[in-house]
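Remarks on the structure that follows.
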Amino acid sequence: MTKVHSLPQAVPAPSWIDRRIAAWMLGALKQIEGSSLRMRLPDGRWYAVGNGNDGALVTVMIHRWELFRRLLWYQDIGAGEAFAEGWWETDDLPRLCMIFLRASTMWTSPSLVRTLTRFPQYILWKQQRNTRRGSRRNIAYHYDLSNDFY
């Protein structure tokens, strides 16, 4: 069996918006207490937060700058999808989840950014109202009601 090694791909420079979102999120991570979190950014720089009082050190390797934008828009679902797509990896996923669960108030506190990121989701939700027309559209979207299946 032969092993195929891919050459490292050059990471494109982050867009202006990705730089802003990354800076904001990395700044918010400074509030983490108890554990230590070490992240390697897509450009190879390292970023560390936390005081390590519980002795835990978790390393996160971020492969795509777009991860921060996805986290901002879709929070935990975005993190899971990005993990499955290989946008980031960690050496201790359960401990990383515990770190963020302990710091959950940091992510759920009301803020202008959180309100702005929830607004597009609210609009999409409102468009799926349960009127006759909306129900017809939702059913057609989620179910194959044609005879092809039978």
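Read-outs: derived from the displayed coordinates by stated rules, not from any lab. The structure displayed is predicted, hence computed values, not measured ones. Cβ sites come from the backbone with ideal geometry, for glycine too, and all protein chains shown count toward neighbours.
Worth pointing out:
- Cα→Cβ-extended label distance, 7 Å offset, between Ser15 and Phe83, nm: 2.6 nm
- Sorted from longest to shortest, the spans of the Cα atoms of region 43-96 along the three principal axes equal 31, 24, 18 Å.
- Between Val60 and Arg38, Met39, Arg40, the built amide H atoms are under 5 Å apart, and every one of these is 5 or more places off in sequence or on another chain.
- Positive-end residue, region 33-93 charge dipole about Cα centroid, Cβ charges, pick of Asn53, Trp65, Thr90: Trp65
- The phi-based Karplus calculation (6.51 cos²θ - 1.76 cosθ + 1.60; θ = phi - 60°) puts the 3J(HN,Hα) values of region 14-31 at x, 5, 4, 5, 5, 4, 5, 5, 4, 4, 5, 5, 5, x, 5, 5, 4, 7 Hz, whole numbers, x for Gly and Pro.
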